Amino acid sequence: MKKIILLLLVPMFVGCAAATQVATSVAVSAGYITEGQKQALDKTAVKVEKAARPVSETEEYYIGRGVAATILTKYSLYRNQTVTAYVNYVGNTVVMGSPRPYVYGGYHFAVLDTDEVNAFACPGGTIFVTKGMLKMVSNEDQLAAVLSHEVGHVAEKHGLQAISSARWTEVVTTLALETAKAYTAAEMASLVDLFQGTVDDVFKTLVVNGYGREQELQADTLAIGCMKTCGYDGRQFVSLLDRLEQTSKQTSQGIFSTHPGIAERIQAAKGHGAAAARPPAPEERVTRFKKTAVSW
Amino acid sequence: MKRIMLLVLVLMPALCLAGEMVKVKVQKTSLFDQPNFLSKTVATLQFGDQLEMEEVVKDWAKVRFGRQRGYIHQSALTSTKVDMKTMLFSSSSSSGASQDEVALAGKGFTPEVEKNYGKAHPEMNYALVDEIERYTVDPNSLRSFIQRGGLKVSEGQK
């Protein structure tokens, strides 16, 4: 009997409710379990299947849009065609060197009109960099360093890790396996509340509290790999961190409040080969940066 | 005998999940003629398009789409196969557990939820988010930007 129960648990714990229902039906027919036990096992399997589901990539996209909309209530968008184009060229280049070059809605890069030094990666691929951060970078390779780091957060889904697990369990176990058209008004209202809470969880981590040390170091490692793949100079990653560290001694706003431990990141970056020598950037790369930088 | 049959029935759904059909899990992407982001686009693929997997070339998959063959980066694909180990041992909401992303679209947080959220929070400027998403980089210009800047992109080796 114990073996039978164990066999029934196999599909249940891989999160396959349908398979469990087939198995329990057979078990009832064979007389191993009662109809009541079958119903209990089927219900448990459905619950396990729901709870096992991570955030889907389409949900990641909508959460990211919510986070982006929230960020845009705090900052204005800098609408300069030359700057937007340049940031998107560099951004899309480094995306191709990342471990996750494709996301549901694609990567998009935008500039925020503030002197605060910062950059934000919304789940799903919308990445903001502030004018203050653009003023901080000295060349295209350093801009690539900033954007690669943010792409690293998206690739590793760090933003989604900010979602309270209790909230996500509630989303999944109560509503999420139903299709939208099946929701009652009350269910939709509840789902909208959960959506707001989810967006707030991510926003607070991105803008107020910052990521954890491990996540920052992980994004740095990915960024250095990404820069190397694309042909950018990893030493510029370290140079930028050096500059940020110097600036952090004068201000604690923006990125300096959410990204402590820059000295440790510099050491780690050097350990990941960011200090390896590379040929100098070609004149074209130097010139296009200088031409664009006058606009920020 | 009954026990053997039961074992087969229990494990069959998991075994049947092994297959070679994959689906596109991003809104829109290219089927390239080479395993390289800058190569020629053979076809434009949409979310949910089904492809037949032929070969894996590093991070790229060589696939057949109707009568066309080409390469697509694996991060744009979803499989209906279940990664049992990940499903069993992952608890994070952000886990990268293998799941059929196409089947999950329309569940949980959907455009309908966003629409209702936007109505409840008119201060959220989704028009601006749409504007950011509408901005796209022309692939030919990007190719030129990369080449002229002395840069390169990763590619699979055939």
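The values are calculated or read from the model by the stated rules, or taken from the named source; none is laboratory data. Values in this document were obtained by computation on a predicted structure and should not be read as measured data. A quick note on method: Cβ atoms are made from the backbone with ideal geometry, for glycine too, and the neighbour counts reach across all protein chains shown. Side chains are part of the model used for accessible areas, which takes the heavy atoms of the whole protein and leaves out ligands, DNA and RNA. Shrake-Rupley method; radii C 1.70, N 1.55, O 1.52, S 1.80 Å.
By a 1.4 Å probe calculation restricted to protein chains, A:Val208 has an accessible surface near 80 Å², given to the nearest 10. When the C-alpha to C-alpha distance is required to be over 27 Å, the pairs from A:Lys131/A:Lys291; A:Lys228/A:Lys249; B:Lys62/B:Lys152; B:Lys40/B:Lys152; A:Lys290/B:Lys25 that qualify are A:Lys228/A:Lys249; A:Lys290/B:Lys25. Ordered from highest to lowest accessible area with the whole protein assembly present and a 1.4 Å probe, A:Thr205, A:Thr130 read as A:Thr205, A:Thr130.
Taking the DSSP beta bridges in the stretch A:57-144 as the whole, what percent of them are antiparallel, to the nearest 5?
Values: 4 of 9 bridges.
Among the beta bridges of the stretch A:57-144, antiparallel pairing accounts for roughly 45 percent.
Under 5 Å from the amide H of B:Gly70 lie the amide H atoms of B:Val63, B:Phe65, each residue being 5 or more positions distant or on a separate chain, with H modelled from the backbone and absent for Pro and chain starts. Each residue was assigned an accessible area with a 1.4 Å probe, and for B:Glu52 the value is about 80 Å².
Computed over protein heavy atoms with a 1.4 angstrom probe, the accessible surface ordering of A:Lys270, A:Lys290, largest first, is A:Lys290, A:Lys270. The heavy atoms of B:Thr136 present about 100 square angstrom of accessible area, all protein chains included, probe 1.4 Å.
With N counted as the residues of the stretch A:49-182, its alpha-carbon radius of gyration over 2.2 N^0.38 Å works out to 1.15.
Take each residue of peptide B:135-148, count the partner chain Cβ atoms within 10 Å of its Cβ, and average: the result is 4.
Residues whose amide H lies under 5 Å from that of B:Leu45, counting only those 5 or more places away or on a different chain, are B:Thr29, B:Ser30, B:Leu31; hydrogens are built 1.01 Å from N in the peptide plane. Accessible area per residue (1.4 Å probe, heavy atoms of protein chains only) ranks A:Met227, B:Met124 as B:Met124, A:Met227, with the largest value leading.
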